[in-house]
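The values are calculated or read from the model by the stated rules, or taken from the named source; none is laboratory data. A quick note: this is a predicted structure, and the numbers were derived from the prediction, not measured. Virtual Cβ from ideal backbone geometry, glycine too; neighbours counted across all protein chains shown. Areas reflect the complete protein model, heavy atoms only, side chains present, ligands, DNA and RNA absent. Shrake-Rupley method; radii C 1.70, N 1.55, O 1.52, S 1.80 Å.
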Amino acid sequence: MNIIVAVDKNWGIGKNNRLLVSIPADMKMFREETTGKVVVMGRRTLESFPNGLPLKNRENIIITRNPSFQVKGAAVVHSIEEALEEVKKYPSEDVYCIGGDSIYKQMLPYCDVAHVTKIDFAYEADRYFPDLDKDPQWEITAESDEQTYFDLEYKFVKYERKK
């Protein structure tokens, strides 16, 4: 399973249920990586999308504790265990965990690849992703050249769980 995330210098990922910054090349990479695949997310992440609708051209799996929550065009599960059961229907390499922070933290142990957009700036954040640079189970296996969006520098980094 994959995890896909954009982080700032402090591994911050969001504030007030919004991304810290929107970088077109990051959004494009996200679309290219996940289109035609399976995305797993929490309810609040879904609600942060335009009109709170599931992502097009993907199988959407929403994790929520709310037993009556339903959304058209998505599978709704009520625990990490149920989500893990649901993703068994798909090839592991086609499954992407896309947030938010508590879902990332709970799904990370089941993921082998992390696609991280590292933004060289420290934002004010209230949600964070675990620092993979400090985790001995993870190693960088690919890294793009530094990119620039206006005055923001960032790069795409691929981490893989050590075997």
- request: Answer with one residue from 73, 27, 121: the one whose Cα lies farthest towards the positive end of the charge dipole of the chain, charges on Cβ with Lys, Arg +1 and Asp, Glu -1.
  value: 73
message: For the pairs 72/118; 56/162; 56/118, flag any whose C-alpha to C-alpha distance is greater than 31 Å.
response: 72/118; 56/162
statement: Loop-resident trypsin sites (Lys or Arg not before Pro) in region 75-113 with no more than 14 other Cβ atoms inside 10 Å, DSSP not H/G/I/E/B, are 88, 89
- prompt: Extension gain residue 133-residue 78, at 0.36 nm per residue separation less the Cα-Cα distance, in nm?
  reply: 16.7 nm
- request: For region 74-152, give the percent of accessible area contributed by carbon and sulfur heavy atoms, probe 1.4 Å, rounded to a whole number.
  value: 49 percent
- request: For the chain, give the share of DSSP beta bridges that are antiparallel, in percent and rounded to the nearest 5; count only bridges with both residues there.
  value: 50 percent
- line: Once 1, 107 are ranked on solvent-accessible area with the largest value leading and a 1.4 Å probe, the list reads 1, 107
statement: Total charge of the residues flanking residue 49 in space, meaning their Cβ is under 12 Å from its Cβ, with Lys and Arg +1 and Asp and Glu -1, is +4
- line: Sorted largest first, the C-alpha extents of the chain along its principal axes in whole angstrom are 43, 38, 27
statement: In nanometres, the difference between 0.36 nm per residue of separation and the alpha-carbon distance of residue 158 and residue 144 is 4.2 nm
- line: Measuring from its Cα centre, the chain shows a charge dipole (+1 at each Lys and Arg Cβ, -1 at each Asp and Glu Cβ) which, in debye to the nearest 20, is 600 debye
task: Before anything else, pin down the relative contact order of region 63-163: Cα pairs under 8 Å, at least 6 apart, normalised by residue count, whole percent.
output: 23 percent
- line: Computed over region 1-125, the relative contact order (Cα-Cα under 8 Å, seq sep at least six) in percent reads 45 percent
task: Quick one: net charge around residue 20, please, counting Lys, Arg +1 and Asp, Glu -1 for every other residue with C-beta under 14 Å from its C-beta.
output: -1
- prompt: When N is the residue count of region 54-145, what does its C-alpha Rg come to as a fraction of 2.2 N^0.38 Å?
  reply: 1.23
